[in-house]
Structure formats: C-alpha cells, structure tokens
Amino acid sequence: MNVYLDWAATAIPEQEIIEEAVREAGKYFANPSARHALGKAAAERLETARKTAAECLQVQPEQLIFTSGGTEANHIVLLSMLNRSESLNIAAGAIEHAAISEQVKMLKKNGRKVREIPVNKRGFITPEAVLQTIDANTTLVTVMAVNNETGAIQPIREIGQAVSEFCKGKRKIHFHVDAVQAFGKIPFELANLPISSAAMSGHKIGAPRGIGFLYLAQTLEAFLCGGGQEGGMRAGTENLAGIIALAGCLQKTIPAVAKTYAHVQELSDYLIQKLLCIPGISIIPETRMEDCNNFSPYIIQCTNENIPGEVLQRCLSDMGVYVSTGSACSSKKRSRPILEAMGIGAKQQLNTIRISLGKSTTKEELNQALCCLQTCIEKL
C-alpha cells in the first residue's frame, strides 16, 4: 500500500468533479469574451461558477478574481504596488512562501522599499511585530495565513485589527494574505476578517492545477493589462474547465471544514505522539504541543539528529511513503529561509521532512509510514 503524505504540495484530485467540469466546459467551448451567442453562453456559465464559489465563501461574486493559481493571485497584489510612489514601503512576513518572498525581492530590485516583519522562534508573526515594522509610508502588509512548512496559523484577525487601528487618520494600508494552506482546511471566513485581499490555489483542495483565485475586498489598480477579463484585474482567456472544477471542489470542501478538521486533528495528534517516541526525532518548532491549537493539523514538520531530509525522503519513497522536505515550489533549493528566520540551526534545517495530511488519510496509513520511517532511520 502506497501512503501519500504530501497533501500540502497538492491534494489527491477530485476526479469526478474534474471530469464533469471538463465535460461541462466542452459544452461551453466558445471564448467567454466573444460577443456571439455561444460566447455569451460560455460567459454565463463562467458567472454561474463564480456565484457558486462566492456563495461557498460567503462573499460577493465580483470580489473573486480567477487566476492560474496561488502564485499569480499573490503577484497581482504585489505587482500592483509598482503603480504606487517609490517613497512608499512594503512590509512582508519573514516566513512567506516563495510566491511572495521572491516577488518581494524583485520589487526591491526595482526600487521599492521593503521591510521584513520578524517571526518569533515559535513560528508566529505577532501584531506587535507588524506594528514595529510599518509606518505612515507603508502601503502594503502581507502575512500568510498558515505557514506551508511548519503549519503555524498566523493571527490574521489580530494583525488586521492592529493594522486598521494604526491607519486611523492615516493612509490606508492594503493587508494581503496568502491563504493557500488555509482555504478548505481551517475555518477561514473571508467576509469576517479585516483583510484587503487573499490568495487561493485550487489544487490544494482537489481541483486541477492551473486554477485559483484572488479575493479582493479592497480594489487595486492592475499592473498587468490586456483584454479586460476578470474585471480588468487578470487579463487572458478564462480557464472555464478549471473554474467550474474549483467551484465544485469548494462546494464539496467548505461545508465539511469543521468535520474534516476534527478528523485530521485526531490523526495529527496521534502522529506527533508516535513520532516523538522514535529516538532522535523532534518536531519543529519544539513548542508545538504547547500551542497545538495554533497549528494546522494538516502540516507537521520534524527533524532528526543524523540523516539529511533528502536522504530520508528518498528512503521513504522507495518504501512507498511519500513526504517532502519542505515547500514543493522550492524543493530544488537547498536553503530553508523559513526555518532560518525562526532561528533553527543549520543541521536541523538540513534534516527536516514535512509530513502533510489530507481528508482521506487514515490511521492505518500513518502506522505504515511510522514503521517505514523507523526502518529508514535504523538502516541509514
């Protein structure tokens, strides 16, 4: 039996939903921007899917901008800052996904002032840290909702409230959230959060790769322009099959968030308990069990005393257990900026693996994975 424990990289696809979406898109094959009857029918089908997604998320349809995924959704917000004065600054969390951190570096190269919001050793960015970083010239704050390596759930509501309070009588700050590891996994009610925008990736909840959305509560001026699709915020012919599939996956996933969370939390607690019984294994951060309610049960990062994570990953893969050494988007890079920002030592960084669970993960699978992990450690 193969054991898939890399759900944070991509979820197992919702095959029936995807196949139905492809069939549906085949019926409405015309370009939604075309002015003839077939184009109008495709546009109507697209808007029906948008309304479905919006209802699931309890937001307005016009607040959802469909994109090619989480990276593009993040970039739309970041690149819009190029329309702002160079005297303004951007504040980004020290533990952001590469989709944010690498683009922020590009903005810095292009003359934008960038400030890094520090993270504490427990893996959290606090409202106090944000307030100590921003000033009257800050135009954007970006902090992720759930860290993709440690699973730390950031205090988004509290940060948003702190930023809003800071802005009273001053220039309004756009507060963006990379919520790729939050949607469909933890309770994350867009309309009830003091945020300006949020990015989401469809393949994290079973939709196909190549589809996501940007939630916009606060309007932006698009930097990249084109045919005017998606309210002028994301140019390019829409991916109707992907959009329909994403709406279907949201319909299936969002109502079940609480039930699935409880199931995965039970499995996560069990897994961590068993991991800590293996000599030389520790959890990152080590304080996780003291703060378990502030970590996503879907993501667990552990390290060991002697074996590089890549070696352990290959050994497990050979035994049919699939984990990662960190973010899939940065898997070819050896540096671990998130762990480094948390003050994790170089050897611990090198020896980490990430185990990520999903809604169909079972205790039987975890037991097999634990047995294989024990074997790998003894063998290596």
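Within region 249-299, the only residue that satisfies the criterion of being within 19 Å of the chain's Cα centre (by Cα), among the aromatic types (Phe, Trp, Tyr) and part of a helix (DSSP H, G or I) is TYR261. Residues in region 354-371 include none that are surrounded by 21 or more Cβ atoms within 10 Å (Cβ to Cβ), more than 30 Å from CYS249 (Cα to Cα) and in contact (Cβ under 8 Å) with a residue 60 or more places away in the chain.
Among the residues of region 211-248, how many are β-branched (Val, Ile, Thr) and part of a loop (DSSP other than H, G, I, E, B)? Lay out the reasoning, then the answer.
Narrowing region 211-248 to residues β-branched (Val, Ile, Thr): 211, 219, 237, 243-244.
Those still in the list that are part of a loop (DSSP other than H, G, I, E, B) too: 211, 219, 237.
Residues that pass the stated criteria total 3.
Among the candidates THR219, THR253, THR237, the residue that is within 30 Å of ALA30 (Cα to Cα) and free of Cβ contacts under 8 Å to residues at least 12 places away in the same chain is uniquely THR219.
Going by the conditions given, is HIS36 in the same structural domain as GLY151 (by the TED database) and touching a strand residue (DSSP E or B) at 6+ places or on another chain (Cβ under 9 Å)? For HIS36, the condition - in the same structural domain as GLY151 (by the TED database) and touching a strand residue (DSSP E or B) at 6+ places or on another chain (Cβ under 9 Å) - is not met.
Suppose the filter is part of a loop (DSSP other than H, G, I, E, B) and either over 16 Å from the mean Cα position of the chain (by Cα) or crowded, with 22+ Cβ neighbours inside 10 Å (or both); does ALA43 pass it? Steps first, please.
Values: part of a loop (DSSP other than H, G, I, E, B): no; either over 16 Å from the mean Cα position of the chain (by Cα) or crowded, with 22+ Cβ neighbours inside 10 Å (or both): yes.
Considered against the rule, which asks whether it is part of a loop (DSSP other than H, G, I, E, B) and either over 16 Å from the mean Cα position of the chain (by Cα) or crowded, with 22+ Cβ neighbours inside 10 Å (or both), ALA43 comes out as no.
Do we have ALA41 as touching a strand residue (DSSP E or B) at 6+ places or on another chain (Cβ under 9 Å) and either of a type outside the set (Phe, Trp, Tyr) or over 18 Å from LEU216 (Cα atoms) (or both) here? When the stated conditions are applied, ALA41 does not pass them. Annotation: of all residues in region 135-173 being within 21 Å of ALA98 (Cβ to Cβ) and hydroxyl-bearing (Ser, Thr, Tyr), the one that is surrounded by the fewest Cβ atoms within 10 Å (Cβ to Cβ) is THR142.
Would you check if VAL311 is part of a helix (DSSP H, G or I), modelled with pLDDT of 95 or more and either in contact with a helix residue (DSSP H, G or I) (Cβ under 9 Å, 6 or more places away or on another chain) or buried (at least 22 other Cβ atoms within 10 Å of the Cβ) (or both)? When the stated conditions are applied, VAL311 passes them.
Could you please let me know if PHE295 is out of contact with any Ser or Thr (no Cβ under 7 Å at 6 or more places or on another chain), buried (at least 21 other Cβ atoms within 10 Å of the Cβ) and within 26 Å of ASN147 (Cβ to Cβ)? Yes; evaluated as a whole, the condition is true for this residue.
Considering every residue within region 161-171, establish whether at least one is of a type in the set (Gly, Ala, Ser) and at pLDDT 95 or above. Checked region 161-171: at least one residue is of a type in the set (Gly, Ala, Ser) and at pLDDT 95 or above.
Of the listed requirements (1) within 25 Å of THR142 (Cβ to Cβ); (2) exposed (fewer than 14 other Cβ atoms within 10 Å of the Cβ), GLU266 misses just one: (1).
So, in region 72-118, how many residues would count as being β-branched (Val, Ile, Thr) and closer than 19 Å to ARG336 by Cα? I'd like the intermediate steps shown before the answer.
The first filter runs over region 72-118 and keeps only residues β-branched (Val, Ile, Thr), leaving 76-77, 90, 95, 100, 104, 114, 117.
Of the ones still in play, those that are also closer than 19 Å to ARG336 by Cα are 95, 100, 104, 117.
Going through region 72-118 one residue at a time, the tally reaches 4.
Would you confirm whether any residue within region 369-378 is closer than 18 Å to ALA152 by Cα, at pLDDT below 95, part of a helix (DSSP H, G or I) and out of contact with any His (no Cβ under 9 Å at 6 or more places or on another chain)? Give the steps one after another, and end with the answer.
If we filter region 369-378 for residues that are closer than 18 Å to ALA152 by Cα, which is where we start, we get none.
Scanning region 369-378 turns up no residue that is closer than 18 Å to ALA152 by Cα, at pLDDT below 95, part of a helix (DSSP H, G or I) and out of contact with any His (no Cβ under 9 Å at 6 or more places or on another chain).
Number of residues in region 1-60 that are acidic (Asp, Glu), free of Cβ contacts under 8 Å to residues at least 12 places away in the same chain and under 15 Å from LEU250 (Cα atoms) equals 2.
Search region 1-40 for residues being among the hydroxyl-bearing types (Ser, Thr, Tyr) and more than 25 Å from the chain's Cα centre (by Cα), and hand back the single one that is surrounded by the most Cβ atoms within 10 Å (Cβ to Cβ). Residue satisfying both the conditions and the ranking: TYR28.
Where residues in region 174-191 are under 11 Å from the mean Cα position of the chain (by Cα) and not hydrophobic (A, V, I, L, M, F, W, C), which of them is surrounded by the fewest Cβ atoms within 10 Å (Cβ to Cβ)? First the steps, then the outcome.
Step one: list which residues in region 174-191 are under 11 Å from the mean Cα position of the chain (by Cα), which gives 177-185.
Add one more test, that the residue is not hydrophobic (A, V, I, L, M, F, W, C), and what stays is 178, 181, 184-185.
Details: ASP178: 30, GLN181: 28, GLY184: 25, LYS185: 30.
Among those residues, the one meeting the criterion is GLY184.
The values are calculated or read from the model by the stated rules, or taken from the named source; none is laboratory data. This structure is a prediction, so every number in the text was calculated from the model and none was measured. Ideal geometry is used to build each Cβ from the backbone, glycine not excepted, and the neighbour counts take in all protein chains shown.
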